[in-house]
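The structure under discussion appears below in the form of structure tokens.
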Amino acid sequence: MHESVLVVPSYEVDRLVKGETGVMEVDLEQIKRVIEEKGRFLSRELAEYDETFRQVIPYVVMMREQKILLLRRTEKQGEKRLHNKYSVGVGGHIRLEDGLQPWQAFISGMHREINEEVKVEVMNLQYIGLINDMASAVSRVHVGLLYVAQVVFGGLNEPDMFDYAWKSLDEFTEIEKNLEGWSYLTLLKLKELMGK
């Protein structure tokens with residue numbers, strides 16, 4: 001199936017993060033303006049290999065009672081490289097069907113992605129920063145907008161695809177090496193923000 005996904009020019013992301021990697025505290029109004037003015041929809045087949053663009057991905061950490069939802073990908077998932085990898089974020093590509101205006105598409109796409117993966121009532125949604133990771137060919141064609149959601153949790157929508165647990169920040173040490181790249185960067189930022 002042909003899929004068109006939201007992208008922004010890589011040079012705009014580089015300008016916002018000033019060439020640094022990790023989770024960068026970029027003002028939300030700045031990234032919103034870039035998405036509104038420079039965002040466009042591009043064939044995902046092209047976007048996955050074109051480093052002049054970054055696919056814009058919402059990455060939402062679920063929290064309740066100071067604990068983070070930790071997801072482990074099971075072997076039922078198609079992508080073998082991700083089997084048994086841990087993730088602290090829910091999110092995915094923003095599609096043309098999410099809306100014609102890029103920022104509105106981002107907001108509605110973020111809520112669609114949350115609802116596809118978890119059964120939650122979002123009580124509070126807080127933007128944290130941009131995830132910029134230049135370590136791999138895959139991460140170089142994506143940029144994450146990191147949010148933390150305080151939620152009332154009702155379970156997973158695809159329970160055979162993930163195992164899950166609720167962990168405090170202090171409990172992540174033993175699994176850090178098995179975290180996906182963005183999850184590792186996210187945990188570093190949350191520890192910094194919470195003074196851990």
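Every number here is computed from the coordinates shown, using simple stated rules; none is lab data. Just so you know, these numbers come straight off a predicted model, no measurement behind them. Note that each Cβ is placed from the backbone with ideal geometry, even for glycine, and that neighbours are counted across all protein chains shown.
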Suppose the chain between Glu116 and Glu65 were pulled fully straight at 0.36 nm per residue; how much longer would it get relative to their current alpha carbon spacing? 16.1 nm
Enclosed volume per residue, in Å³, of the convex hull spanned by Cα atoms of segment 1-80: 161 Å³
Roughly how many debye, to the nearest 20, is the charge dipole of segment 38-196 about its Cα centre, given +1 on each Lys and Arg Cβ, -1 on each Asp and Glu Cβ, and no other charges? 240 debye
Pop out the ³J(HN,Hα) list for segment 128-143 in order, Karplus 6.51 cos²θ - 1.76 cosθ + 1.60 with θ = phi - 60°, rounded to Hz; leave Gly and Pro as x. 10, x, 9, 9, 10, 10, 9, 6, 9, 4, 5, 5, 6, 10, 9, 9
Using just the alpha carbons, could you tell me how many Å³ per residue the convex hull of segment 4-193 encloses? 116 Å³
Go ahead and run the numbers for FRET between Asn157 and Arg33, Cβ-Cβ distance against an R0 of 22 Å, rounding to 0.05. 0.10
Quick one: Karplus J couplings for segment 102-115, per residue in order, coefficients 6.51, -1.76, 1.60, θ = phi - 60°, nearest Hz, x for Gly and Pro? x, 5, 4, 4, 4, 5, 5, x, 4, 5, 4, 4, 4, 5
Between Tyr49 and Ala135, what length comes free when the chain is fully extended (0.36 nm per residue of separation minus the Cα-Cα distance, one decimal in nm)? 29.5 nm
Expressed in nm to one decimal, what extension gain is obtained for the pair Ala165 and Thr21 from 0.36 nm per residue of sequence separation less their Cα-Cα distance? 49.0 nm
So for the chain: antiparallel DSSP bridges make up what percent, rounded to the nearest 5? 75 percent
With each label point set 7 Å from Cα along the Cα-Cβ vector, what nm distance links Glu75 and Glu174? 2.2 nm
Could you tell me the relative contact order of the chain? Use alpha-carbon pairs under 8 Å, at least six residues apart, and round to a whole percent. 28 percent
Please go through the residue pairs Lys67/Lys119; Lys119/Lys167; Lys18/Lys38; Lys18/Lys119; Lys18/Lys191; Lys85/Lys167 and name each one whose alpha carbons sit more than 27 Å apart in this structure. Lys18/Lys119
Determine the distance separating the Cα centre of segment 1-29 from the Cα centre of segment 159-196; give it in Å without decimals. 22 Å
